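What follows is a set of notes on a single structure, which appears directly below.
The values are calculated or read from the model by the stated rules, or taken from the named source; none is laboratory data. None of these values were measured; they are calculated from a predicted model. Cβ sites come from the backbone with ideal geometry, for glycine too, and all protein chains shown count toward neighbours. The area values use the complete protein model at the heavy-atom level, side chains included, leaving out ligands, DNA and RNA. Shrake-Rupley method; radii C 1.70, N 1.55, O 1.52, S 1.80 Å.
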Amino acid sequence: MDFGQLMKQAQEMQGKMQRLQEELAAKQITAEAGGGMVTASVNGRMELVKLHIDKTKIDPEMLEDVIVAAVQAAQQRATENMKAEMQKAAGDMGLLPGMLG
């Protein structure tokens, strides 16, 4: 394999990774806490994009803790989703598991 071919493959892989990162950033991952009292959604960048509080289930003494728990759970699910997608992409590109982070 010559250097030009190797550079072309590297550019293709970089393009695939950029598209994957954009797809992951657009995904929303949702989790709930407090028996459904709070539902939080984060995007693939771990940014909170939506928060729902079920007013029929509110326990004022617990609300702040439940919000934090819901956001953390959504972020954890988003992280796990990203890792799984990156491992899948690495396999699709013929790379060893863990090479894409």
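Only a single item in (1) surrounded by 13 or more Cβ atoms within 10 Å (Cβ to Cβ); (2) out of contact with any His (no Cβ under 9 Å at 6 or more places or on another chain) is not met by A40, and it is number (2). When segment 15-47 is filtered for residues that are of a type in the set (S, T, N, Q) and within 13 Å of M86 (Cα to Cα), the ones remaining, listed by number, are Q18, Q21.
From M46, M37, which residue is more than 30 Å from K8 (Cβ to Cβ) and within 14 Å of the chain's Cα centre (by Cα)? Answer to the check: M46. Being in contact with a Gly (Cβ under 8 Å, 6 or more places away or on another chain) and loosely packed, with under 12 Cβ neighbours inside 10 Å, is that true of even one residue in segment 93-100? There is at least one residue in segment 93-100 that is in contact with a Gly (Cβ under 8 Å, 6 or more places away or on another chain) and loosely packed, with under 12 Cβ neighbours inside 10 Å. Answer yes if at least one residue in segment 72-90 is open to solvent by 80 Å² or more (accessible area, probe 1.4 Å), in contact (Cβ under 8 Å) with a residue 12 or more places away in the chain and not in a helix (DSSP H, G or I), and no otherwise. No, the conditions are met nowhere in segment 72-90. Among the residues of segment 49-69, is there at least one that is hydrophobic (A, V, I, L, M, F, W, C) and in contact with a helix residue (DSSP H, G or I) (Cβ under 8 Å, 6 or more places away or on another chain)? Yes, there is a match, as at least one residue in segment 49-69 is hydrophobic (A, V, I, L, M, F, W, C) and in contact with a helix residue (DSSP H, G or I) (Cβ under 8 Å, 6 or more places away or on another chain).
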